[in-house]
Amino acid sequence: METLTLVDKTHDEARQGEAFAPFKLDNNIYKKYFYIESYGCQMNFSDSEIVASILHAEGFGATKDITIADLILINTCSIREKAEQTIRKRLTEFRKLKHAKPGLLIGVLGCMAERIKAKLLEEEKLVDLVVGPDAYRSLPSLVEEAETGQKAINVLLSREETYADISPIRLDSNGVTAFVSIMRGCNNMCSFCVVPFTRGRERSREVDSILAEAKALFEQGFKEVTLLGQNVDSYYWVNPINNEVVTFAMLLEKVALISPDLRVRFSTSHPKDITDDVLNTIAKYENICKYIHLPVQSGNTRILQLMNRTYTKEWYLAKVDRIKELIPECAISTDIITGFCTETEEEHKDTLSVMKHSQYDFAYMFFYSERPGTLAKKRYQDDIPEETKKRRLAEVVELQNELSAKSNLKDIGKTFKVLIENDSKKSNLHWMGRNSQNKVIVFPKENFNLQKGDYVNVKVNSCTQATLIGEKV
Ligand code: 5AD
Ligand code: SF4
């Protein structure tokens, strides 16, 4: 069971309980301090940086020290029931702080705020503010309202809001890699997914503001940007002045051209939208990373249809083959859900077979969790017993562990260009960085006088399940 708990803690929950770096901890400058914690996907983390910027402009400083905060914010995720349970539990931990400090405000942001809305204020008495993903500009006025003792809520979704003009404040930053949001919302309506309801309709951010943000990051010394969106491949911007169209492939190219020393990543792609244009652009520029996250969800065509994924098993496999043909060194990762409504044993085996064919380098794996309000909840019965879902998940995890090990073993003896991100977690005598394929590589610092943000060639000598270990060459 241990492994099952671990795998459910994927990128979605990676920022659990993590607070952010203090920002000029100077009581003379800021009238108030806020502490923000972010759960869920990278989009949420990136949104917290927008929230920080909005609050900062109103004289709020960010603090990592929850005990000095006047405002505690929790940016929430609704994707699986477990995520919501974790957040509810975390909220109860704030109760003590609230008793100890009268006037302390607690705000719930993000997807749970959107999903549960005013009910959250009734259910969680300690919550003072509830703010949905498109309402962050109203945070300062909502805080003022809450300060008068009223409960404050804004969960209006927007068709336009992209926070394009807001320069995010980089929280908990390594100074090397940063997220840039390029679009918001999702129109895909996968039947298992709550996101279209919590984040609203898809909209793309104006291209010049994206480029300006990426350029500014590079000028500040950042070396890698990840273009973020629920479905980046459907990025589409029409210039209202000259009707010039910018597609995702064109945007990727524009960002790549900022500097060959600025790496570009993106997340997440829907397999149906990733075009040859995008693949050719990735292949053309050395600084566009050779890594694609291509969520499959299931390997069975009938289940894919129930999930409303709009592709078949064969179509997906052809897409994987196309990626490998156009970008032979490209790493591919995926998301998998086991035990979706009515999934048979045979259909589950199709998922294993797609995994084997695709030879994923990495995967985020989950068992199906029915979410209120989704199409699947309305249309289908959640009829696979939890133990079956978990057993199938264990099989998927076991296979992926083999595939990941195989992928790492293949890298032994190869030399990669690595961008140094930080000290290695285990020792400050080692650096930790990533190669273009997004694999973590650890190597000794020795006396090379390197620093964070440097590119360095590293030869891989060995590996663990999750890390390549090498030396500078
Ligand atoms: N149950 C389990 N996993 C889910 N995901 C999304 N919704 C659900 C759900 N209801 C997974 C998908 C998605 C990833 C971010 O989370 O695999 O790609
Ligand atoms: Fe969670 Fe999805 Fe919302 Fe991200 S968009 S916070 S993964 S529910």
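The values are calculated or read from the model by the stated rules, or taken from the named source; none is laboratory data. Keep in mind the model is a prediction, meaning the values are calculated, not measured. Neighbour counts run over all protein chains shown; Cβ positions are idealised from the backbone, glycine included.
Do we find that residue 153 is within 25 Å of the chain's Cα centre (by Cα), part of a strand (DSSP E or B), among the aliphatic types (A, V, I, L, M) and under 28 Å from residue 67 (Cβ atoms) in this structure?
no
Given the options 413, 453, name the one that is free of Cβ contacts under 8 Å to residues at least 60 places away in the same chain and on the phi > 0 side of the Ramachandran plot.
Exactly one of 413, 453 is free of Cβ contacts under 8 Å to residues at least 60 places away in the same chain and on the phi > 0 side of the Ramachandran plot, namely 413.
Scan the stretch 381-392 for residues that are within 26 Å of the chain's Cα centre (by Cα) and without any contact (Cβ under 8 Å) to a residue 40 or more places away in the chain and report the count.
0
Here is a yes/no grid of residues against (1) more than 21 Å from residue 142 (Cα to Cα); (2) in contact (Cβ under 8 Å) with a residue 12 or more places away in the chain; (3) in a helix (DSSP H, G or I):
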| residue | (1), (2), (3) |
| --- | --- |
| 75 | no, yes, no |
| 82 | yes, yes, yes |
| 86 | yes, yes, yes |
| 106 | no, yes, no |
| 112 | no, yes, yes |
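What are the residues in the stretch 37-68 that are among the basic types (Lys, Arg) and within 16 Å of ligand 1 (Cβ to nearest atom), if any?
None; the set is empty.
Restricting attention to the stretch 351-380, which residues are within 16 Å of ligand 2 (Cβ to nearest atom), over 22 Å from the mean Cα position of the chain (by Cα) and within 20 Å of residue 312 (Cα to Cα)?
Selection gives 375, 376.
Checking the structure you have, find out if any residue of the stretch 121-135 is at pLDDT 95 or above, farther than 20 Å from residue 213 by Cβ and part of a helix (DSSP H, G or I).
Among the residues of the stretch 121-135, not one is at pLDDT 95 or above, farther than 20 Å from residue 213 by Cβ and part of a helix (DSSP H, G or I), which makes the answer no.
Out of the strands (runs of 3 or more DSSP E) lying entirely within the stretch 213-288, which hold 1 or more residues that are polar (S, T, N, Q) and touching a residue at least 24 places away in the same chain (Cβ under 8 Å)?
Result: 224-228, 245-247, 263-267.
Within the stretch 155-178, identify whether any single residue is free of Cβ contacts under 8 Å to residues at least 12 places away in the same chain and at negative phi, and answer yes or no.
No, there is no match, as no residue in the stretch 155-178 is free of Cβ contacts under 8 Å to residues at least 12 places away in the same chain and at negative phi.
Give the residue that is farthest from the chain's Cα centre (by Cα), with candidates limited to residues of the stretch 335-350 that are within 16 Å of ligand 2 (Cβ to nearest atom) and buried (at least 24 other Cβ atoms within 10 Å of the Cβ).
If we take residues in the stretch 335-350 being within 16 Å of ligand 2 (Cβ to nearest atom) and buried (at least 24 other Cβ atoms within 10 Å of the Cβ), then 337 is farthest from the chain's Cα centre (by Cα).
Output the residues belonging to the stretch 189-212 that are more than 16 Å from ligand 2 (Cβ to nearest atom) and in a helix (DSSP H, G or I).
Scanning the stretch 189-212 gives 207, 208, 209, 210, 211, 212.
Just give me the residues in the stretch 184-228 being under 30 Å from residue 367 (Cα atoms), among the hydrophobic types (A, V, I, L, M, F, W, C) and away from ligand 1 (no atom under 16 Å from the Cβ), in sequence order.
If the condition is that a residue be under 30 Å from residue 367 (Cα atoms), among the hydrophobic types (A, V, I, L, M, F, W, C) and away from ligand 1 (no atom under 16 Å from the Cβ), then 227 is the only one that fits.
Considering only residues of the stretch 69-83 that are farther than 15 Å from residue 44 by Cα and either assigned by TED's automatic domain parsing to the domain that holds residue 194 or aliphatic (A, V, I, L, M) (or both), which is nearest to ligand 1 (Cβ to nearest atom)?
Looking at the filtered set, the residue picked out is 72.
Which of the residues spanning the stretch 299-355 are assigned to a loop (DSSP other than H, G, I, E, B) and of a type in the set (Asp, Glu)?
Of everything in the stretch 299-355, those that are assigned to a loop (DSSP other than H, G, I, E, B) and of a type in the set (Asp, Glu) turn out to be 329, 343.
From the residues in the stretch 292-322 that are of a type in the set (A, V, I, L, M, F, W, C), closer than 20 Å to residue 279 by Cβ and surrounded by fewer than 23 Cβ atoms within 10 Å (Cβ to Cβ), which one is nearest to the chain's Cα centre (by Cα)?
The selected residue is 294.
Looking only at the stretch 192-236, count how many residues are within 17 Å of residue 111 (Cα to Cα) and of a type in the set (Gly, Ala, Ser).
Here the count works out to 2.
Among the residues of the stretch 210-252 satisfying the criterion of being crowded, with 20+ Cβ neighbours inside 10 Å and more than 26 Å from residue 196 (Cα to Cα), which is nearest to the chain's Cα centre (by Cα)?
224
Return yes when residue 309 is over 15 Å from residue 193 (Cα atoms), modelled with pLDDT of 95 or more and either assigned by TED's automatic domain parsing to the domain that holds residue 399 or in contact with a Phe, Trp or Tyr (Cβ under 6 Å, 6 or more places away or on another chain) (or both) and no when it is not.
no
Taking into account only those residues within the stretch 185-236 that are touching a Phe, Trp or Tyr at 6+ places or on another chain (Cβ under 9 Å) and aromatic (Phe, Trp, Tyr), which is farthest from residue 436 (Cα to Cα)?
Among them, the one singled out is 192.
Give the number of residues within the stretch 201-231 that are over 30 Å from residue 456 (Cα atoms) and either at pLDDT below 95 or basic (Lys, Arg) (or both).
Residues meeting the conditions: 5.
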